[in-house]
Amino acid sequence: MKLIFEKSVKGRVGFQIPEKDVPIKASFPHQYARQKDPALPEVSELDVVRHYTNLSRMNFSVDTNFYPLGSCTMKYNPKFTEKIAKLPGFTDFHPLLTHLRGGGELAQGALEVIYRTEELLCEITGMSGYTTQPLAGAHGELTGAMIIAAYHKLHGNRRKYIIVPDSSHGTNPASAAIAGYEVIVIPTDKDGCMDIDEFESKLNKDTAGVMLTCPNTLGIFNPSIKKIADLAHKVGALMYYDGANLNAITGKCRPGDIGFDIVHLNLHKTFSTPHGGGGPGSGPVGVTSELLQFLPVPKVVKRADGTFALSRNCPHTIGYIAPFWGNFGVILRAYAYMLYLGKAGLVEIAEKSVLNANYCRKRLEKYFDIPYDRICMHEFVISASKQKENGVSALDIAKYLIDNGIHPPTVYFPLIVKEALMIEPTETESKETLDRFIDIMIEAANLAIKNPKKLQDAPVKMPIERLDETKAARDLDLRWQATTKN
Ligand SMILES: *Cc1c(COP(=O)(O)O)cnc(C)c1O
(Lines give C-alpha, C1' and ligand atoms only; values in the text may rest on other atoms or scores of the structure.)
Protein backbone atom coordinates (compact mmCIF):
# COMPACT_ATOMS: atom_id res chain seq x y z
CA MET A 1 0.00 0.00 0.00
CA LYS A 2 2.72 2.39 1.01
CA LEU A 3 4.58 1.80 -2.20
CA ILE A 4 1.54 2.45 -4.30
CA PHE A 5 0.83 5.69 -2.54
CA GLU A 6 4.38 6.84 -2.93
CA LYS A 7 4.36 5.99 -6.55
CA SER A 8 1.18 7.87 -7.16
CA VAL A 9 2.39 10.86 -5.17
CA LYS A 10 5.66 11.02 -7.00
CA GLY A 11 4.36 9.98 -10.34
CA ARG A 12 1.04 11.70 -10.72
CA VAL A 13 -0.45 13.71 -7.91
CA GLY A 14 0.52 17.35 -7.55
CA PHE A 15 3.50 19.11 -9.05
CA GLN A 16 6.84 17.83 -7.83
CA ILE A 17 10.06 19.72 -8.08
CA PRO A 18 11.44 17.80 -11.03
CA GLU A 19 14.64 15.81 -10.97
CA LYS A 20 17.57 17.71 -12.43
CA ASP A 21 17.49 16.01 -15.79
CA VAL A 22 13.77 16.62 -16.38
CA PRO A 23 13.28 20.09 -17.83
CA ILE A 24 10.42 22.17 -16.43
CA LYS A 25 7.82 22.89 -19.06
CA ALA A 26 8.40 26.44 -20.23
CA SER A 27 4.77 27.35 -19.67
CA PHE A 28 4.58 26.28 -16.02
CA PRO A 29 5.28 29.17 -13.61
CA HIS A 30 8.02 27.91 -11.33
CA GLN A 31 6.85 29.76 -8.23
CA TYR A 32 3.78 27.50 -8.08
CA ALA A 33 5.76 24.27 -8.02
CA ARG A 34 5.41 22.25 -4.81
CA GLN A 35 8.41 22.45 -2.50
CA LYS A 36 7.51 19.44 -0.36
CA ASP A 37 5.54 16.24 -0.87
CA PRO A 38 1.87 16.80 -0.04
CA ALA A 39 0.78 15.39 3.32
CA LEU A 40 -1.38 12.61 1.93
CA PRO A 41 -2.50 9.93 4.38
CA GLU A 42 -0.49 6.72 4.44
CA VAL A 43 -2.80 3.89 5.39
CA SER A 44 -2.84 0.14 4.95
CA GLU A 45 -5.46 -1.74 2.98
CA LEU A 46 -6.93 -3.04 6.25
CA ASP A 47 -7.33 0.50 7.58
CA VAL A 48 -9.10 1.53 4.40
CA VAL A 49 -11.42 -1.51 4.47
CA ARG A 50 -12.31 -0.87 8.12
CA HIS A 51 -12.88 2.81 7.50
CA TYR A 52 -15.30 2.29 4.62
CA THR A 53 -17.01 -0.74 6.11
CA ASN A 54 -17.68 1.21 9.30
CA LEU A 55 -18.91 4.19 7.31
CA SER A 56 -21.31 1.94 5.38
CA ARG A 57 -22.64 0.55 8.65
CA MET A 58 -23.44 4.03 9.90
CA ASN A 59 -25.77 4.41 6.96
CA PHE A 60 -29.51 4.12 7.16
CA SER A 61 -30.36 2.34 3.93
CA VAL A 62 -33.19 0.45 2.27
CA ASP A 63 -31.04 -2.66 2.50
CA THR A 64 -30.88 -2.35 6.29
CA ASN A 65 -34.05 -0.58 7.43
CA PHE A 66 -37.63 0.30 6.52
CA TYR A 67 -37.55 3.65 4.72
CA PRO A 68 -41.04 5.18 4.25
CA LEU A 69 -39.72 8.52 2.98
CA GLY A 70 -42.73 10.00 1.20
CA SER A 71 -42.32 11.22 -2.38
CA CYS A 72 -38.90 9.57 -2.63
CA THR A 73 -40.10 6.01 -3.38
CA MET A 74 -37.37 4.29 -1.39
CA LYS A 75 -38.27 0.82 -2.60
CA TYR A 76 -35.94 -2.13 -2.50
CA ASN A 77 -33.47 -2.09 -5.39
CA PRO A 78 -33.04 -5.69 -6.51
CA LYS A 79 -29.45 -6.82 -6.78
CA PHE A 80 -29.74 -8.37 -10.22
CA THR A 81 -29.84 -4.89 -11.79
CA GLU A 82 -26.50 -4.17 -10.08
CA LYS A 83 -25.07 -7.28 -11.71
CA ILE A 84 -26.21 -6.08 -15.12
CA ALA A 85 -24.81 -2.61 -14.53
CA LYS A 86 -21.50 -4.23 -13.62
CA LEU A 87 -21.09 -6.15 -16.89
CA PRO A 88 -17.66 -5.22 -18.27
CA GLY A 89 -19.10 -4.44 -21.70
CA PHE A 90 -20.91 -1.54 -20.05
CA THR A 91 -18.45 -0.49 -17.34
CA ASP A 92 -15.45 -0.45 -19.68
CA PHE A 93 -17.30 1.48 -22.31
CA HIS A 94 -16.17 5.03 -23.01
CA PRO A 95 -18.94 7.43 -24.05
CA LEU A 96 -16.72 8.98 -26.72
CA LEU A 97 -16.82 5.66 -28.59
CA THR A 98 -20.23 6.76 -29.80
CA HIS A 99 -18.48 9.52 -31.75
CA LEU A 100 -15.99 7.30 -33.50
CA ARG A 101 -16.41 5.53 -36.83
CA GLY A 102 -19.72 6.73 -38.22
CA GLY A 103 -21.09 7.79 -34.85
CA GLY A 104 -22.00 4.62 -33.11
CA GLU A 105 -20.62 1.48 -34.74
CA LEU A 106 -18.66 0.68 -31.61
CA ALA A 107 -21.55 1.51 -29.33
CA GLN A 108 -24.43 -0.53 -30.74
CA GLY A 109 -25.24 -2.28 -27.44
CA ALA A 110 -25.40 0.90 -25.39
CA LEU A 111 -27.38 2.77 -28.03
CA GLU A 112 -29.83 -0.12 -28.21
CA VAL A 113 -30.33 -0.02 -24.43
CA ILE A 114 -31.19 3.69 -24.62
CA TYR A 115 -33.45 3.19 -27.64
CA ARG A 116 -35.36 0.30 -26.10
CA THR A 117 -35.66 2.03 -22.73
CA GLU A 118 -37.21 5.03 -24.48
CA GLU A 119 -39.59 2.71 -26.33
CA LEU A 120 -40.75 1.06 -23.09
CA LEU A 121 -41.18 4.41 -21.35
CA CYS A 122 -43.32 5.58 -24.30
CA GLU A 123 -45.52 2.55 -23.90
CA ILE A 124 -45.82 2.95 -20.12
CA THR A 125 -46.65 6.66 -20.21
CA GLY A 126 -48.41 7.05 -23.58
CA MET A 127 -45.91 9.53 -25.00
CA SER A 128 -44.39 9.62 -28.50
CA GLY A 129 -40.70 10.07 -27.77
CA TYR A 130 -38.21 10.44 -24.93
CA THR A 131 -34.84 11.86 -24.09
CA THR A 132 -32.84 10.05 -21.43
CA GLN A 133 -30.32 12.87 -21.03
CA PRO A 134 -31.61 14.65 -17.89
CA LEU A 135 -29.65 13.61 -14.80
CA ALA A 136 -32.41 13.91 -12.18
CA GLY A 137 -36.09 14.66 -11.78
CA ALA A 138 -35.49 18.38 -11.31
CA HIS A 139 -33.25 18.37 -14.38
CA GLY A 140 -36.10 16.74 -16.32
CA GLU A 141 -38.43 19.48 -15.14
CA LEU A 142 -36.02 22.13 -16.41
CA THR A 143 -35.81 20.28 -19.74
CA GLY A 144 -39.62 20.21 -19.88
CA ALA A 145 -39.94 23.89 -19.01
CA MET A 146 -37.39 24.72 -21.73
CA ILE A 147 -39.43 22.67 -24.21
CA ILE A 148 -42.55 24.59 -23.17
CA ALA A 149 -40.67 27.85 -23.84
CA ALA A 150 -39.34 26.61 -27.22
CA TYR A 151 -42.83 25.51 -28.27
CA HIS A 152 -44.47 28.83 -27.49
CA LYS A 153 -41.57 30.78 -29.00
CA LEU A 154 -42.05 28.91 -32.25
CA HIS A 155 -45.69 29.90 -32.13
CA GLY A 156 -44.73 33.55 -31.81
CA ASN A 157 -45.01 34.23 -28.08
CA ARG A 158 -43.04 32.67 -25.26
CA ARG A 159 -45.82 33.52 -22.76
CA LYS A 160 -45.30 34.53 -19.14
CA TYR A 161 -46.62 32.15 -16.51
CA ILE A 162 -46.42 28.60 -15.35
CA ILE A 163 -49.09 27.43 -12.94
CA VAL A 164 -48.36 25.04 -10.06
CA PRO A 165 -50.55 23.94 -7.13
CA ASP A 166 -49.40 24.79 -3.59
CA SER A 167 -48.87 21.08 -2.90
CA SER A 168 -46.21 20.88 -5.61
CA HIS A 169 -42.66 19.70 -5.02
CA GLY A 170 -40.39 22.71 -4.57
CA THR A 171 -38.44 21.79 -7.67
CA ASN A 172 -41.48 22.56 -9.88
CA PRO A 173 -41.66 26.32 -9.29
CA ALA A 174 -37.85 26.43 -9.18
CA SER A 175 -37.51 24.77 -12.60
CA ALA A 176 -40.18 27.03 -14.09
CA ALA A 177 -38.39 30.10 -12.71
CA ILE A 178 -34.99 28.98 -14.03
CA ALA A 179 -36.58 28.57 -17.47
CA GLY A 180 -37.59 32.23 -17.20
CA TYR A 181 -41.24 31.97 -16.15
CA GLU A 182 -43.20 33.66 -13.43
CA VAL A 183 -44.91 31.12 -11.20
CA ILE A 184 -48.55 31.28 -10.20
CA VAL A 185 -49.46 29.13 -7.20
CA ILE A 186 -53.00 27.74 -6.87
CA PRO A 187 -54.33 26.72 -3.43
CA THR A 188 -55.55 23.23 -2.57
CA ASP A 189 -59.27 22.66 -2.00
CA LYS A 190 -60.83 20.73 0.88
CA ASP A 191 -60.53 17.45 -1.05
CA GLY A 192 -56.77 17.80 -1.37
CA CYS A 193 -56.82 18.77 -5.05
CA MET A 194 -55.90 21.96 -6.87
CA ASP A 195 -58.83 24.38 -6.51
CA ILE A 196 -60.33 24.25 -9.97
CA ASP A 197 -62.19 27.58 -9.79
CA GLU A 198 -59.03 29.40 -8.70
CA PHE A 199 -57.18 27.60 -11.47
CA GLU A 200 -59.67 28.62 -14.11
CA SER A 201 -59.58 32.23 -12.95
CA LYS A 202 -55.78 32.39 -13.35
CA LEU A 203 -55.70 30.70 -16.75
CA ASN A 204 -55.26 32.94 -19.80
CA LYS A 205 -53.33 33.48 -23.04
CA ASP A 206 -50.20 34.27 -21.03
CA THR A 207 -50.18 30.84 -19.37
CA ALA A 208 -47.37 28.81 -20.90
CA GLY A 209 -47.89 25.61 -18.95
CA VAL A 210 -49.36 23.83 -15.95
CA MET A 211 -47.09 21.59 -13.88
CA LEU A 212 -48.86 18.87 -11.92
CA THR A 213 -47.92 15.83 -9.92
CA CYS A 214 -50.61 13.20 -10.24
CA PRO A 215 -51.24 11.68 -7.78
CA ASN A 216 -50.13 14.78 -5.94
CA THR A 217 -47.83 14.98 -2.92
CA LEU A 218 -50.81 14.36 -0.62
CA GLY A 219 -51.13 10.99 -2.35
CA ILE A 220 -54.42 12.00 -3.96
CA PHE A 221 -55.34 11.38 -7.58
CA ASN A 222 -57.25 14.37 -8.90
CA PRO A 223 -60.54 13.12 -10.41
CA SER A 224 -60.84 16.36 -12.42
CA ILE A 225 -57.50 15.92 -14.10
CA LYS A 226 -58.98 15.53 -17.58
CA LYS A 227 -61.05 18.68 -17.12
CA ILE A 228 -57.93 20.59 -15.98
CA ALA A 229 -56.05 19.43 -19.08
CA ASP A 230 -58.94 20.48 -21.33
CA LEU A 231 -59.10 23.93 -19.73
CA ALA A 232 -55.34 24.41 -20.11
CA HIS A 233 -55.36 23.28 -23.74
CA LYS A 234 -58.24 25.62 -24.53
CA VAL A 235 -55.98 28.63 -23.83
CA GLY A 236 -53.06 26.99 -25.65
CA ALA A 237 -51.07 26.08 -22.49
CA LEU A 238 -49.12 22.82 -22.24
CA MET A 239 -49.66 20.23 -19.51
CA TYR A 240 -46.53 19.05 -17.70
CA TYR A 241 -46.58 15.83 -15.67
CA ASP A 242 -44.16 15.52 -12.75
CA GLY A 243 -43.78 11.75 -12.85
CA ALA A 244 -42.00 11.29 -9.54
CA ASN A 245 -45.20 9.67 -8.29
CA LEU A 246 -45.59 7.29 -11.24
CA ASN A 247 -45.21 4.39 -8.81
CA ALA A 248 -48.89 4.76 -7.96
CA ILE A 249 -50.15 4.36 -11.51
CA THR A 250 -47.60 2.27 -13.45
CA GLY A 251 -49.45 0.01 -15.83
CA LYS A 252 -52.82 1.35 -14.63
CA CYS A 253 -53.17 4.62 -16.49
CA ARG A 254 -50.97 6.75 -18.71
CA PRO A 255 -50.27 10.49 -18.42
CA GLY A 256 -50.39 10.74 -22.23
CA ASP A 257 -53.97 9.43 -22.26
CA ILE A 258 -55.08 11.86 -19.55
CA GLY A 259 -53.94 14.86 -21.59
CA PHE A 260 -50.38 15.59 -20.52
CA ASP A 261 -48.00 16.88 -23.20
CA ILE A 262 -44.69 16.51 -21.37
CA VAL A 263 -43.70 13.97 -18.74
CA HIS A 264 -40.61 13.46 -16.66
CA LEU A 265 -39.96 10.23 -14.82
CA ASN A 266 -37.61 9.52 -11.95
CA LEU A 267 -35.95 6.28 -12.99
CA HIS A 268 -34.11 6.21 -9.66
CA LYS A 269 -37.47 6.19 -7.86
CA THR A 270 -40.07 4.21 -9.80
CA PHE A 271 -37.60 2.07 -11.71
CA SER A 272 -35.42 1.26 -8.80
CA THR A 273 -31.87 2.57 -8.53
CA PRO A 274 -30.30 3.26 -5.14
CA HIS A 275 -30.66 6.99 -4.56
CA GLY A 276 -30.42 9.58 -1.84
CA GLY A 277 -27.60 11.73 -0.62
CA GLY A 278 -27.29 13.21 -4.09
CA GLY A 279 -26.53 9.87 -5.74
CA PRO A 280 -26.90 9.39 -9.47
CA GLY A 281 -30.37 9.90 -10.85
CA SER A 282 -32.09 9.90 -14.20
CA GLY A 283 -35.04 12.04 -15.21
CA PRO A 284 -36.03 11.10 -18.78
CA VAL A 285 -38.49 13.44 -20.47
CA GLY A 286 -41.26 12.23 -22.76
CA VAL A 287 -43.31 14.34 -25.14
CA THR A 288 -46.23 14.14 -27.55
CA SER A 289 -45.56 13.82 -31.28
CA GLU A 290 -46.06 17.57 -31.72
CA LEU A 291 -43.18 18.30 -29.34
CA LEU A 292 -40.63 15.76 -30.65
CA GLN A 293 -38.91 18.52 -32.62
CA PHE A 294 -37.82 20.24 -29.39
CA LEU A 295 -36.15 17.30 -27.66
CA PRO A 296 -32.45 17.55 -26.75
CA VAL A 297 -29.91 16.20 -29.25
CA PRO A 298 -28.39 13.88 -30.14
CA LYS A 299 -31.22 11.35 -30.34
CA VAL A 300 -30.69 7.62 -30.65
CA VAL A 301 -32.42 6.45 -33.83
CA LYS A 302 -32.88 3.07 -35.46
CA ARG A 303 -31.67 2.74 -39.05
CA ALA A 304 -33.57 0.79 -41.71
CA ASP A 305 -31.06 -2.07 -41.37
CA GLY A 306 -31.86 -2.43 -37.66
CA THR A 307 -28.65 -0.83 -36.34
CA PHE A 308 -28.62 2.25 -34.12
CA ALA A 309 -27.16 5.68 -34.68
CA LEU A 310 -27.06 9.14 -33.21
CA SER A 311 -29.01 11.84 -34.94
CA ARG A 312 -28.75 15.59 -34.56
CA ASN A 313 -31.53 16.16 -37.01
CA CYS A 314 -33.98 17.95 -34.78
CA PRO A 315 -34.74 21.39 -36.20
CA HIS A 316 -36.04 23.12 -33.07
CA THR A 317 -34.06 21.22 -30.44
CA ILE A 318 -33.37 22.90 -27.11
CA GLY A 319 -29.80 21.55 -27.51
CA TYR A 320 -27.70 19.50 -25.10
CA ILE A 321 -29.09 19.27 -21.60
CA ALA A 322 -26.37 16.95 -20.27
CA PRO A 323 -23.08 15.55 -21.48
CA PHE A 324 -23.34 12.31 -23.44
CA TRP A 325 -26.45 10.19 -22.82
CA GLY A 326 -27.31 10.91 -19.22
CA ASN A 327 -26.54 8.60 -16.32
CA PHE A 328 -26.22 5.49 -18.42
CA GLY A 329 -25.90 3.12 -15.44
CA VAL A 330 -29.27 4.24 -14.09
CA ILE A 331 -30.94 3.90 -17.50
CA LEU A 332 -29.49 0.41 -17.80
CA ARG A 333 -30.78 -0.64 -14.39
CA ALA A 334 -34.25 0.70 -15.24
CA TYR A 335 -34.25 -1.20 -18.54
CA ALA A 336 -33.29 -4.45 -16.80
CA TYR A 337 -35.91 -3.83 -14.10
CA MET A 338 -38.71 -3.27 -16.64
CA LEU A 339 -37.81 -6.37 -18.64
CA TYR A 340 -37.60 -8.45 -15.48
CA LEU A 341 -41.03 -7.35 -14.20
CA GLY A 342 -42.81 -7.39 -17.54
CA LYS A 343 -46.28 -5.94 -18.00
CA ALA A 344 -47.87 -7.93 -15.18
CA GLY A 345 -45.11 -6.99 -12.74
CA LEU A 346 -45.33 -3.30 -13.58
CA VAL A 347 -49.05 -3.31 -12.77
CA GLU A 348 -48.27 -4.99 -9.45
CA ILE A 349 -46.02 -2.04 -8.51
CA ALA A 350 -49.04 0.23 -8.58
CA GLU A 351 -51.46 -2.20 -6.94
CA LYS A 352 -49.24 -3.21 -4.05
CA SER A 353 -47.84 0.24 -3.33
CA VAL A 354 -51.38 1.64 -3.15
CA LEU A 355 -52.59 -1.27 -1.01
CA ASN A 356 -49.67 -0.90 1.41
CA ALA A 357 -50.26 2.84 1.78
CA ASN A 358 -53.97 2.43 2.43
CA TYR A 359 -53.34 -0.34 4.94
CA CYS A 360 -51.05 1.96 6.95
CA ARG A 361 -53.41 4.92 6.60
CA LYS A 362 -56.39 2.95 7.83
CA ARG A 363 -54.57 1.60 10.87
CA LEU A 364 -53.16 5.01 11.81
CA GLU A 365 -56.25 7.16 11.34
CA LYS A 366 -57.50 6.66 14.91
CA TYR A 367 -54.25 7.96 16.37
CA PHE A 368 -53.26 10.82 14.10
CA ASP A 369 -54.97 13.67 12.37
CA ILE A 370 -55.20 12.92 8.64
CA PRO A 371 -56.30 16.17 6.99
CA TYR A 372 -57.28 14.57 3.67
CA ASP A 373 -58.47 11.22 4.93
CA ARG A 374 -59.76 9.29 1.94
CA ILE A 375 -58.54 6.45 -0.21
CA CYS A 376 -55.02 7.41 -1.11
CA MET A 377 -52.63 6.31 -3.79
CA HIS A 378 -49.07 5.18 -2.97
CA GLU A 379 -48.54 7.63 -0.10
CA PHE A 380 -50.48 9.67 2.45
CA VAL A 381 -49.86 12.56 4.80
CA ILE A 382 -50.67 12.53 8.51
CA SER A 383 -50.36 15.46 10.86
CA ALA A 384 -48.93 15.51 14.38
CA SER A 385 -51.09 18.54 15.25
CA LYS A 386 -53.00 16.55 17.93
CA GLN A 387 -49.67 15.50 19.48
CA LYS A 388 -48.37 19.06 19.17
CA GLU A 389 -50.92 20.14 21.79
CA ASN A 390 -48.84 18.08 24.23
CA GLY A 391 -45.59 19.57 22.96
CA VAL A 392 -44.72 16.68 20.64
CA SER A 393 -43.85 17.68 17.08
CA ALA A 394 -43.55 15.74 13.82
CA LEU A 395 -39.79 16.03 14.29
CA ASP A 396 -39.99 14.36 17.73
CA ILE A 397 -41.90 11.44 16.25
CA ALA A 398 -39.38 11.19 13.42
CA LYS A 399 -36.53 11.00 15.95
CA TYR A 400 -38.37 8.33 17.92
CA LEU A 401 -38.66 6.22 14.77
CA ILE A 402 -34.89 6.46 14.31
CA ASP A 403 -34.45 4.97 17.78
CA ASN A 404 -36.60 2.08 16.62
CA GLY A 405 -34.62 1.37 13.47
CA ILE A 406 -37.01 3.01 11.03
CA HIS A 407 -36.11 5.82 8.69
CA PRO A 408 -38.50 8.72 9.35
CA PRO A 409 -41.12 9.66 6.78
CA THR A 410 -40.68 12.97 4.98
CA VAL A 411 -41.52 15.67 7.53
CA TYR A 412 -42.95 19.18 7.15
CA PHE A 413 -43.82 18.57 3.49
CA PRO A 414 -46.11 19.26 1.75
CA LEU A 415 -46.11 22.71 3.29
CA ILE A 416 -49.90 22.95 3.39
CA VAL A 417 -50.18 20.34 6.17
CA LYS A 418 -49.15 21.41 9.67
CA GLU A 419 -46.69 19.05 11.39
CA ALA A 420 -46.77 16.85 8.30
CA LEU A 421 -45.42 13.30 8.14
CA MET A 422 -45.61 11.96 4.61
CA ILE A 423 -45.58 8.18 4.52
CA GLU A 424 -44.77 6.09 1.45
CA PRO A 425 -44.32 2.41 2.33
CA THR A 426 -43.74 1.22 -1.30
CA GLU A 427 -44.74 -2.14 -2.74
CA THR A 428 -41.63 -3.99 -1.66
CA GLU A 429 -42.44 -4.16 2.08
CA SER A 430 -44.06 -7.11 3.83
CA LYS A 431 -47.14 -6.88 6.03
CA GLU A 432 -44.92 -7.75 9.02
CA THR A 433 -42.70 -4.73 8.37
CA LEU A 434 -45.71 -2.46 7.95
CA ASP A 435 -47.28 -3.80 11.16
CA ARG A 436 -44.11 -3.17 13.11
CA PHE A 437 -43.94 0.39 11.79
CA ILE A 438 -47.60 1.02 12.63
CA ASP A 439 -47.16 -0.41 16.14
CA ILE A 440 -44.28 1.96 16.78
CA MET A 441 -46.26 4.91 15.43
CA ILE A 442 -49.15 3.99 17.77
CA GLU A 443 -46.68 3.68 20.64
CA ALA A 444 -45.46 7.20 19.77
CA ALA A 445 -49.04 8.52 19.76
CA ASN A 446 -49.61 6.99 23.22
CA LEU A 447 -46.31 8.34 24.55
CA ALA A 448 -47.26 11.81 23.31
CA ILE A 449 -50.09 11.67 25.87
CA LYS A 450 -48.38 9.83 28.72
CA ASN A 451 -44.70 10.70 28.45
CA PRO A 452 -43.96 13.39 25.85
CA LYS A 453 -40.41 13.80 27.15
CA LYS A 454 -39.52 10.36 25.84
CA LEU A 455 -40.23 11.60 22.31
CA GLN A 456 -38.69 15.01 22.84
CA ASP A 457 -35.42 13.40 23.99
CA ALA A 458 -35.18 10.89 21.13
CA PRO A 459 -33.00 9.53 19.71
CA VAL A 460 -31.27 8.02 22.72
CA LYS A 461 -30.08 4.76 21.19
CA MET A 462 -28.00 6.26 18.41
CA PRO A 463 -24.26 6.96 18.66
CA ILE A 464 -25.03 10.66 18.32
CA GLU A 465 -27.52 12.72 20.28
CA ARG A 466 -30.20 14.81 18.65
CA LEU A 467 -28.60 17.45 16.52
CA ASP A 468 -28.99 21.07 17.34
CA GLU A 469 -30.69 21.89 14.03
CA THR A 470 -29.75 25.55 14.04
CA LYS A 471 -26.12 24.83 14.87
CA ALA A 472 -26.03 22.09 12.24
CA ALA A 473 -27.22 24.54 9.60
CA ARG A 474 -25.06 27.48 10.66
CA ASP A 475 -21.94 25.77 11.89
CA LEU A 476 -21.73 22.49 10.06
CA ASP A 477 -19.15 20.10 11.45
CA LEU A 478 -18.94 16.79 9.65
CA ARG A 479 -16.10 15.35 11.74
CA TRP A 480 -17.47 12.18 13.26
CA GLN A 481 -15.27 12.23 16.38
CA ALA A 482 -16.28 15.75 17.27
CA THR A 483 -19.95 14.92 17.63
CA THR A 484 -19.97 11.42 19.16
CA LYS A 485 -21.02 10.76 22.70
CA ASN A 486 -18.16 8.37 23.37
C1 LIG B 1 -38.16 13.59 -6.05
C2 LIG B 1 -39.15 14.50 -6.67
C3 LIG B 1 -38.76 15.45 -7.63
C4 LIG B 1 -37.32 15.76 -7.98
O5 LIG B 1 -36.57 14.67 -8.38
P6 LIG B 1 -34.99 14.66 -8.16
O7 LIG B 1 -34.52 13.45 -8.89
O8 LIG B 1 -34.78 14.59 -6.67
O9 LIG B 1 -34.45 15.93 -8.73
C10 LIG B 1 -39.76 16.21 -8.23
N11 LIG B 1 -41.04 16.06 -7.89
C12 LIG B 1 -41.45 15.17 -6.95
C13 LIG B 1 -42.91 15.05 -6.64
C14 LIG B 1 -40.51 14.37 -6.29
O15 LIG B 1 -40.91 13.50 -5.37
Calculate what fraction, in whole %, of the accessible area of the chain sits on carbon and sulfur atoms when a 1.4 Å probe is rolled over the protein chains. 56 percent
What Kirkwood Rh does the chain have if only Cα atoms enter the pairwise 1/r average? Answer in Å. 25.1 Å
To the nearest 20 debye, what is the magnitude of the charge dipole of segment 89-339 about its Cα centre, counting +1 on the Cβ of each Lys and Arg and -1 on the Cβ of each Asp and Glu? 480 debye
For the table K160/K202; K226/K252; K190/K269; K252/K431; K79/K269; K153/K205, the rows whose alpha-carbon distance is greater than 19 Å are K190/K269; K252/K431
Got a sec? Charge dipole of the chain, +1 on Cβ for Lys and Arg, -1 for Asp and Glu; which of V411, A309, H169 is way out at the positive end? A309
Where both partners of a DSSP beta bridge lie in the chain, what percent of those bridges are antiparallel, to the nearest 5? 50 percent
Rounding to the nearest 20 debye, state how big the charge dipole of the chain is about its Cα centre with +1 on each Lys and Arg Cβ and -1 on each Asp and Glu Cβ. 840 debye
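For the peptides 238-244, 367-373, 257-263, 46-52, what is the packing order when you average, over each peptide's residues, the other Cβ atoms within 10 Å and list the highest mean first?
Working: 238-244: 28.4, 367-373: 18.7, 257-263: 22.1, 46-52: 10.9.
Taking the mean over residues of other Cβ atoms within 10 Å, the ranking is 238-244, 257-263, 367-373, 46-52.
Using helices alone, what [θ] at 222 nm do you get for the chain, with -39,500 (n - 2.57) per DSSP H run of 4 or more residues, divided over all residues and rounded to the nearest 500?
Rounded to the nearest 500, the figure is -11500 deg cm²/dmol.
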What accessible area per residue, rounded to a whole number of Å², is obtained for the chain using a probe radius of 1.4 Å? 50 Å²
For segment 384-463, build the convex hull from the C-alpha positions and give me its volume per residue in Å³. 93 Å³
For segment 450-456, take each phi angle, set θ = phi - 60°, evaluate the Karplus expression 6.51 cos²θ - 1.76 cosθ + 1.60, and give the result in whole Hz per residue in order, putting x for glycine and proline. 8, 8, x, 4, 4, 7, 5
Translational D in µm²/s for segment 43-114 (Stokes-Einstein at 10 °C, 1.306 mPa s, Kirkwood Rh from C-alpha pairs): 99 µm²/s
Evaluate the charge dipole of segment 384-463 about its Cα centre and quote only its size in Debye, nearest 20, assuming +1 on the Cβ of each Lys and Arg and -1 on the Cβ of each Asp and Glu. 380 debye
From the residues G319, T217, C122, which one has its Cα farthest along the dipole of the chain in the positive direction, the dipole being from +1 and -1 charges on Cβ of Lys/Arg and Asp/Glu about the Cα centre? G319
Protection proxy ranking of 322-329, 395-402, 33-40 - average other beta-carbon atoms within 10 Å, highest first: 395-402, 322-329, 33-40
How about segment 59-156: which trypsin sites (Lys or Arg not before Pro) there are in a DSSP loop, with at most 13 other Cβ atoms within 10 Å of their Cβ? K86
Sort S167, S385 from largest to smallest accessible area, using a 1.4 Å probe on the heavy atoms of the protein chains. S385, S167
Can you order the peptides 302-313, 417-428 by their average number of other Cβ atoms within 10 Å per residue, highest first? 417-428, 302-313
Select from F328, H139, P284 the residue farthest towards the positive end of the dipole of segment 89-339; place +1 on Cβ of Lys and Arg, -1 on Cβ of Asp and Glu, and compute about the Cα centre. F328
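The values are calculated or read from the model by the stated rules, or taken from the named source; none is laboratory data. Only a predicted model underlies this, so the values are computations on that prediction, with no experimental measurement involved. Backbone-built Cβ (ideal geometry, glycine too); neighbour counts: all protein chains shown. Note: areas computed on protein heavy atoms with side chains; ligands, DNA, RNA excluded. Shrake-Rupley method; radii C 1.70, N 1.55, O 1.52, S 1.80 Å.
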